[in-house]
1. Would you say Ala218 is outside any loop (DSSP other than H, G, I, E, B) and surrounded by 18 or more Cβ atoms within 10 Å (Cβ to Cβ)?
2. Just to confirm my filter: which strands (runs of 3 or more DSSP E) fall fully inside segment 77-192 and include at least 2 residues that are within 30 Å of Pro268 (Cβ to Cβ), of a type in the set (A, V, I, L, M) and touching a residue at least 12 places away in the same chain (Cβ under 8 Å)?
3. Quick one: in segment 75-112, which of the residues that are more than 24 Å from Asp142 (Cβ to Cβ) and acidic (Asp, Glu) is nearest to the chain's Cα centre (by Cα)?
4. Which number in (1) surrounded by fewer than 22 Cβ atoms within 10 Å (Cβ to Cβ); (2) part of a loop (DSSP other than H, G, I, E, B); (3) in contact (Cβ under 8 Å) with a residue 60 or more places away in the chain marks the one condition that Gly223 misses?
5. Can you find, within segment 247-274, the residue that is modelled with the lowest pLDDT among those that are surrounded by fewer than 23 Cβ atoms within 10 Å (Cβ to Cβ) and at positive phi?
6. Hey, does segment 103-118 have a residue that's at pLDDT below 95, touching a strand residue (DSSP E or B) at 6+ places or on another chain (Cβ under 9 Å) and either open to solvent by less than 90 Å² (accessible area, probe 1.4 Å) or more than 16 Å from Ile153 (Cα to Cα) (or both)?
7. For Ser207, work out the one condition from (1) in a loop (DSSP other than H, G, I, E, B); (2) over 21 Å from the mean Cα position of the chain (by Cα); (3) at pLDDT 95 or above it doesn't fulfil.
8. Quick check on my filter: what residues within segment 231-246 are part of a loop (DSSP other than H, G, I, E, B), under 25 Å from Gly105 (Cβ atoms) and open to solvent by less than 20 Å² (accessible area, probe 1.4 Å)?
Amino acid sequence: MADNQQRRQEAMKNLDKSLSRRDRSEKLQPLGVVLATLVILTVIVGGIWFLTTTGGDENSVNAAEETNNEQEITPLAAEPVSGEPLPMTRDEELPETVTCEYPAGAAAAKEVSAPSSEDVPARGMVTVTLSTNFGDIPMELDREVSPCAVNAISHLADEGYYNDTVCHRVTGGGLNVLQCGDPSGTGSGGPGFTFPDEWPVGDVDESSNVVYPRGSIAMANSGPDTNGSQFFLNWADGALPPAYTLLGMMTDEGISTVETIADNGVVPSMGATDGTPAEEVTIESASVS
């Protein structure tokens, strides 16, 4: 501390001398001297700051880091999209029950068992309600459209897999979704198993985009037959290839909640209107009825 104090005193003396030299000579060469003095002042004052902070004021470092990490928030708005509306029902009815496959995948982001695969119902609706810090998002999942996907999502909800997780992505423009379902919050986590694609994948022409309508819910994936636990909620119409398994629809209450989240904007990381929700979205619990 004594050495630091001595160095500060010496630096202040140097500053005083520099100021005196500026006063004596600025009358002769105002512009050149002022510019030169500014350089000197910057170096000396910088040296004083370094001396006074060396030795470990961690709060100063943290404050600088917080300033540098300030995040810019971009408002979200839906743009008009083109494409045929996504058919919300199958062309042909499935049997009353089906057999599903849930092969093991990458390590689970959160420990959970695999769903049952035999005699999976392919009739009726299941309501999964996400209780979030923004309000409830009731989701009406249609077994008759994608029974294996609905079976998986309702099983994960029943086992508490979605409890205390975040929705890690929100988008705007022509793709208007809130994406949830990864306990790691990174967008790469899953339940430790996968399952094949269902409606409309393979049944609707994939040569052009279709419109996943406002309120619809579908499985997120990283390629064919890579479904796991992640899903997306459309807060407005979005244009996508028909490569994402349809789960069902949100209720009006759910749509309103997701619209509120989208209205808060996005911190861009994957595009101008694609990234992390500006205000963290937490699924506090998920219930099945």
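1. Against the criterion (outside any loop (DSSP other than H, G, I, E, B) and surrounded by 18 or more Cβ atoms within 10 Å (Cβ to Cβ)), Ala218 qualifies.
2. 125-132, 135-142, 177-180
3. Out of the qualifying residues, it is Glu79.
4. (3)
5. Only one residue fits best here, namely Gly271.
6. Yes: one or more hits.
7. Failed condition: (3).
8. Answer for segment 231-246, where residues must be part of a loop (DSSP other than H, G, I, E, B), under 25 Å from Gly105 (Cβ atoms) and open to solvent by less than 20 Å² (accessible area, probe 1.4 Å): Pro242, Thr245.
The values are calculated or read from the model by the stated rules, or taken from the named source; none is laboratory data. Fair warning: this is a prediction, and the values are worked out from it, not measured in the lab. Here Cβ is always computed from backbone atoms with ideal geometry, including for glycine, and neighbour counts include all displayed protein chains. Calculation scope for accessible area: heavy atoms of the full protein, side chains included, ligands and nucleic acids excluded. Shrake-Rupley method; radii C 1.70, N 1.55, O 1.52, S 1.80 Å.
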